[in-house]
Amino acid sequence: MATPIISASPHLHSSRTSKKLMYDVLIALTPAFLVSLYVFGIGALVVTAVAVASCILFEYLIQKYLLKTELTITDGSALLTGVLLAFNLPSNLPIWMIIVGSLVAIGIAKSSFGGLGFNIFNPALVGRVFLLISFPVQMTSWPNAIENQSKLVDAVTGATPLGIVKEGLQFGETMTSLASQIPSNMDLLLGITGGSLGEMSALALLLGGIYLLIRKVISWHIPVTMLATMAILTGIFWLVNPEQNASPLFHLLAGGAILGAFYMATDLVTSPMTRKGMIIFAVGIGLITVIIRLFGAYPEGVSFAILIMNAFVPLINTYFKPRRFGSRIKIKD
Amino acid sequence: MLKTFSKGGIHPAENKLTSTKEIKKLDTPKTVYVPISQHIGIPSEIVVAKKDKVEIGQVIAKSAGFVSANIHSPVAGVVTKLDKVFDSRGYQIQCIVIKTDAKNPVNFEDIVYPLKKEIKLSPAEILKHITDSGIVGLGGATFPTHVKLNVNEDKKLDHLIINGVECEPYLTADHRLMLERTDEILIGVKILLHALQIDKAVIGIENNKKDAIALFKKLTKDEKGISVVALAVKYPQGGEKQLVKAILNREVPKNGLPLDVGVIVHNVGTIYAIYQAVQHDKPLIERVVTVTGKKLENPSNFWVKIGTPVSDLLEAVGGVPEDTRKILNGGPMMGKAIKKLKTPVTKGTSGIVLLSDDDAHRGESTNCIRCGECVYVCPMGLEPHLLMNLTEKHLWERTCAEDIMTCIECGSCSYVCPSHRPLLDYIRFGKKLTNECKIN
């Protein structure tokens, strides 16, 4: 027998590893990726490949030459950041912009905070929001679905369903008069619409979300609470004035609500660590999203809402601690 | 729905390889190494000298304080020396080395004990028998039993809980004992009920031991005060506080004892030892030990004399497999990796588990990804990631405020951590230094 190993208990470990968690999320994103490949064609592949490659490359360069730390590019996190960033971009975005977005995501949002596990904000969302603010025109010119899937540039572009509603209502139209311009709920569910790469088909995203729940990569607390908050708030407005407000179902299916709820807000690093905290966090995201969508300047607010709530996570972790066992009753001294 | 505790917990693979194997008697070893500190508390005081002849069951070290226990010779023989051996924690401890007298025929186990049902002794006499017999908690904590039974008058005690959970993977010592010594255990329960002057006892058994549950249910059908509860399998249900919560839904206060909610918990092995001590005057000199491992030819359960070197046990199961890299005293969740095969079995040794090369290594520790799994599985409602972080920074006031001292060291946090962070290692260290800080 070889020399026995001496270490402290426990001597067993579950089969879960950080790497497996990352790859599980990638598996969950596959159906949505396939849908966007079908809808946008080669553009979807190009955007994703560029985002992934540049995220991994920047992580490598920064770790090797700038920080001179151990390389962790194989842990799957940079790969995942790349995919998630791509999912938040239009399929016809110029390639150099994607690279800039990746640099911001990996360089600023992740590495400058200390790398995996230390970042406060979701790197992919920081990259997206940076691009959205810097290049608003390119970031909001969405190629229309299906009809121009083989073309990369100069495609027919149009607004997202949320954009159509927002603009229409501002110019005095009503939901009834807009009905012909916005896709049906069924189209939204399947993904026959305009928008970022990954927010196309709510169905495909939900499928992946269910996979993540079954694999226990995420818990139900954040997605369910966030979507429920959005449904309730938009539902109230809709019930009060259905002509000036879109239905809650439309709000859930259009835009990045599902993508955000299952894949962005649930990012392990930037979400709270307790179940209680997760619920507070998700209510906050739902609330801010609805405020931006109904009253803000942007038609869509999920990214901003998640980033704003990311900033509150350390505070939430401090104030919403698990209840200590035995803290109900105190023993007398 | 089966009962269980509500907060945290994990489900490691059970690997109970020996649950159908009858307990065999291990041959009396040629030499025994009896440590004088086999319990929590003050080490016992040696009362024999080198070259003394000792009888089986003779007191060789006596209780040296309130929290201490007698130690008896497990064999008949001659004290060859007072030496130091490595214990399972890796410390050298004082022990009494006794060479077995092969010719001495007097052996406790040669006497056939008929089941003695009648309880004649008074509570005080029962307590005295338990004290004299050197009984300690055999579940692994090894707290002297007589101290635990010494209930302060102002505590309102109403339940005795018998811990037959055995939530550690691999171990089956308690399981087999419950199947093979069922009548004795039930009498032991009655002895304790009588000694404590209460009338309710609950036997808690996890549902992976259905045969034991059925057997106890059958035998307690007509017993008024004794009930059997099948518990959903979840680690660490064998922890006292978790068990009280699971069975009675009472939450033991922070820094408190089950006694604070009117409960006293004893392991089934301890109950059997109490039966032996009270009914047959037999001190605690042997116990059931599971010797197991995936690669072992013949994993078994044994009756083992206290002080038997681990090497003797391993020989009895066909030797150590080639690729063994870890030998554990206890289960894989809370047991200790031992270095020397001469390390003796003590009162608290419930099993020897061998892990082969594929199971013996820790994964490489990477950055915390703040997934919160450690928080979710902690049965005490702690935040292991935070405690590790604070320990790294030596912030003892904060570790104290974050209740580090209530950690029961079950290891669930380290078990689940996807980044393989050594959470419990740090917490143990943090507990030690926080405690020193508090004292100063």
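The values are calculated or read from the model by the stated rules, or taken from the named source; none is laboratory data. Just so we're clear, the structure is a prediction, and the values are computed from it rather than from any experiment. For neighbour counting, all protein chains shown are included, and Cβ atoms are generated from backbone atoms with ideal geometry for every residue, glycine included.
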Please go through region B:417-440 and give me each residue that is part of a helix (DSSP H, G or I), surrounded by fewer than 22 Cβ atoms within 10 Å (Cβ to Cβ) and facing chain A (nearest Cβ under 8 Å), ordered by number.
B:Asp425, B:Arg428
Residue in region A:9-25 that is farthest from the other protein chains (Cβ to nearest Cβ), counting only those that are in contact with a Gly (Cβ under 9 Å, 6 or more places away or on another chain) and surrounded by fewer than 17 Cβ atoms within 10 Å (Cβ to Cβ):
A:Tyr23
Scan region B:312-332 and tell me whether some residue there is at pLDDT below 95, in a helix (DSSP H, G or I) and closer than 30 Å to B:Pro422 by Cβ.
yes
One residue from A:Pro272, A:Pro299 being away from every other protein chain (no Cβ under 11 Å), buried (at least 19 other Cβ atoms within 10 Å of the Cβ) and more than 13 Å from the chain's Cα centre (by Cα):
A:Pro299
Looking only at residues in region A:215-229 that are of a type in the set (S, T, N, Q) and assigned to a helix (DSSP H, G or I), which one is nearest to A:Thr17 (Cα to Cα)?
A:Thr225
Of (1) crowded, with 17+ Cβ neighbours inside 10 Å; (2) over 19 Å from the mean Cα position of the chain (by Cα); (3) more than 22 Å from A:Ala257 (Cβ to Cβ), A:Phe40 fails just (3)
Pairs needed: first member in region A:3-22, without any contact (Cβ under 8 Å) to a residue 24 or more places away in the chain and closer than 25 Å to A:Leu116 by Cβ; second member anywhere, polar (S, T, N, Q) and part of a helix (DSSP H, G or I); C-beta distance under 6 Å; at least 6 residues apart or different chains.
A:Pro10/B:Ser414
Please note which helices (runs of 4 or more DSSP H) are completely contained in region B:344-414 and include at least 1 residues that are over 28 Å from the mean Cα position of the chain (by Cα), away from chain A (no Cβ under 11 Å) and surrounded by fewer than 18 Cβ atoms within 10 Å (Cβ to Cβ).
B:384-392, B:396-401
In the set B:Val244, B:Val229, the lone residue that is in a strand (DSSP E or B) and in contact with a strand residue (DSSP E or B) (Cβ under 6 Å, 6 or more places away or on another chain) is B:Val229
Taking region A:112-136 and keeping only residues that are among the aromatic types (Phe, Trp, Tyr), surrounded by fewer than 21 Cβ atoms within 10 Å (Cβ to Cβ) and within 15 Å of the chain's Cα centre (by Cα), one is left with A:Phe130
Is region A:57-75 home to any residue that is under 16 Å from the mean Cα position of the chain (by Cα) and buried (at least 23 other Cβ atoms within 10 Å of the Cβ)?
no
Going residue by residue through region B:161-174, is there one that turns out to be assigned to a helix (DSSP H, G or I), in contact with a strand residue (DSSP E or B) (Cβ under 9 Å, 6 or more places away or on another chain) and surrounded by fewer than 21 Cβ atoms within 10 Å (Cβ to Cβ)?
no
Looking only at residues in region A:87-117 that are farther than 21 Å from A:Leu45 by Cα and without any contact (Cβ under 8 Å) to a residue 24 or more places away in the chain, which one is farthest from the other protein chains (Cβ to nearest Cβ)?
A:Ile108
Could you please find all residues in region A:307-333 being over 28 Å from B:Gly8 (Cα atoms) and at pLDDT 95 or above?
A:Leu307, A:Ile308
Search region A:242-300 for residues being charged (D, E, K, R) and at pLDDT below 90, and hand back the single one that is farthest from A:Ser77 (Cα to Cα).
A:Glu243
Note: among B:Thr100, B:Thr20, B:Thr31, just one is touching a Lys or Arg at 6+ places or on another chain (Cβ under 6 Å) and either within 30 Å of B:Lys245 (Cα to Cα) or surrounded by 18 or more Cβ atoms within 10 Å (Cβ to Cβ) (or both), namely B:Thr100
